[in-house]
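J.: Here it is, the structure in full.
The values are calculated or read from the model by the stated rules, or taken from the named source; none is laboratory data. What you are looking at is a predicted structure, and each value in this text was computed from that prediction instead of being measured. Positions of Cβ are generated from backbone atoms using ideal geometry, with glycine treated the same way; all protein chains shown enter the neighbour counts. For the accessible areas, the whole protein counts, side chains as well, though only heavy atoms, and no ligand, DNA or RNA atoms are used. Shrake-Rupley method; radii C 1.70, N 1.55, O 1.52, S 1.80 Å.
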Amino acid sequence: MANKQVFPTKGNLMATKKSNSLAHLGYELMDRKRNILTREMMQLLDDVKLLRDQITETYQEAYDALQKANMTLGVISEMVDAVPVDTGISISYRSVMGVEIPKISYEKQGMTFMYGFESGNSKLDYAFQCFLRVKELTVVLAEVENSVYRLANAIRKSQKRANALKNIVIPEFEANIKFISDALEEKEREEFSRQKVIKATKDRQKK
């Protein structure tokens, strides 16, 4: 339906055609952005599934090792408290079609035991090693899952904007263009008919 507030003038016709062209361009850009982001996300989704399977197995292995260490040494909370907080994580970002995707850099720690050998054993060492692996996988999974979330959110917004342009904005512009064009053509026909009447009247007066 044409906008009732649009007046059928040549200036409005030119402006509406320009706005319509920009709306088509905007739709093409939104559609292209959505496709690129979707490809990027699909690549990451395969990584998410693989990482989740790996981290589930690694967590299970680590907790089993911790349980065995507790069974042989008793509750080892004091030795666990001796492990310092890891500060080797830093975050940077890369842009994909305007979407900021996180890149987590992790400086891996070596196998430096924070407890004395006389208070530990091989089972505790193995549990410590397992949880180091858990931490490394958690960092990678956090990066990938956060990237997928951001991409999915951007895809949803791009889809919403593309649909609005395709189904609302562009049809409205095209309806207005038709309305203005038809009105101007009708006006031209009326003017042509009026000029013919005037000419015929003058010809009769001359005769």
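J.: Does Asp64 satisfy the condition of being within 20 Å of Ala127 (Cα to Cα) and open to solvent by 70 Å² or more (accessible area, probe 1.4 Å)? Talk me through it step by step, then tell me what you get.
T.: Values: within 20 Å of Ala127 (Cα to Cα): yes; open to solvent by 70 Å² or more (accessible area, probe 1.4 Å): no.
Here the answer is no, as Asp64 does not meet what is asked.
J.: Quick check on my filter: what residues within segment 129-165 are over 21 Å from Leu44 (Cβ atoms), within 22 Å of the chain's Cα centre (by Cα) and buried (at least 16 other Cβ atoms within 10 Å of the Cβ)?
T.: Correct list: Arg161, Ala162, Leu165.
J.: Go over the candidates Asp47, Asp64 one by one and state the one that is at pLDDT 90 or above and assigned to a helix (DSSP H, G or I). Before the answer, list the steps.
T.: Working: Asp47 fails: at pLDDT 90 or above.
When all the criteria are applied, what remains is Asp64.
J.: A further question follows. Please work out which residue is modelled with the lowest pLDDT, limiting yourself to segment 166-185 and to residues that are open to solvent by 80 Å² or more (accessible area, probe 1.4 Å) and among the acidic types (Asp, Glu). Don't jump to the end; show me each part of the working.
T.: Narrowing segment 166-185 to residues open to solvent by 80 Å² or more (accessible area, probe 1.4 Å): 166-168, 174, 178-179, 185.
Cutting the leftovers down to among the acidic types (Asp, Glu) gives us 174, 185.
Values: Glu174: 93, Glu185: 89.
Going through the qualifying residues, I end up with Glu185.
J.: Can you tell me which residues in segment 83-128 are at pLDDT 80 or above, surrounded by 13 or more Cβ atoms within 10 Å (Cβ to Cβ) and part of a loop (DSSP other than H, G, I, E, B)?
T.: Hit for segment 83-128 is Met97, nothing else.
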